[in-house]
Every structure is written in C-alpha cells, then in structure tokens.
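Colleague: Take this structure first; my questions come after.
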C-alpha cells in the first residue's frame, strides 16, 4: 500500500480511522490518476469529510460534511460554542471574550503554529 508510506505526519498522530480513510482514498486515487499531488488532494478531501484538523492532528467532526469553509482545519461555519470548546482544548488565552470571528482566527493561528515541523 503506497499510501501507508506517504501518510502525512498530522495523520500519523490521528485516529486509526482517519489514517485508514486517507490511505484508502490515496491508493484509489493513485490507481486512477497516478502518484502525485492530485492523489494527495483526493485523500485529504476524503479525510476532511469526516475529520477536522485540531492542532497537529485530525479529530472526528461533530457531523460529516464538506470542509469548503475550512482554513488551517478550522470550519468557520461551526457554532460559536463548538469553536469555544476547540479553543478550550487548545488552551487559547482570552477565548471567553472573543467573538465568533476572533475564535476562528485564533484557532487558525494555533493550528498553523502547531502544525509546523519542530
């Protein structure tokens, strides 16, 4: 399975189901389109349907769906209370006084910061 060798680091730190989703979608895309960027985009699209990026890993979404509004793994269409819970999990300071848009921006910033290789 070429997908297992290509598995991105954020998915290596994620639940087995997210890893399996990426590998299966990647391998299918490789058969159809060949190895490369397109296969990786297809695989990430499959993961984003059921998972959202939280810091340096992928976690199950509260509900399945497309992630078109996602940036850095943050779904701007999520409720403010859901965004607040994510901010709590990431220990974002000042979250209790933030507007929904401010929570989205803070989560995006935290997600990008944690995703950078060390």
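The values are calculated or read from the model by the stated rules, or taken from the named source; none is laboratory data. Since the model is a prediction, treat every value here as computed from it, not as a measurement. Note that we place each Cβ from the backbone using ideal geometry, even for glycine, and neighbour counts take in every protein chain shown.
Colleague: I'm trying to understand the selection: among the residues of the range 20-65, which are more than 22 Å from residue 110 (Cβ to Cβ), buried (at least 19 other Cβ atoms within 10 Å of the Cβ) and in contact with a strand residue (DSSP E or B) (Cβ under 9 Å, 6 or more places away or on another chain)?
Modeller: Matches in the range 20-65: 21, 22.
Colleague: Does residue 76 satisfy the criteria of being surrounded by 15 or more Cβ atoms within 10 Å (Cβ to Cβ), within 14 Å of the chain's Cα centre (by Cα) and modelled with pLDDT under 85?
Modeller: yes
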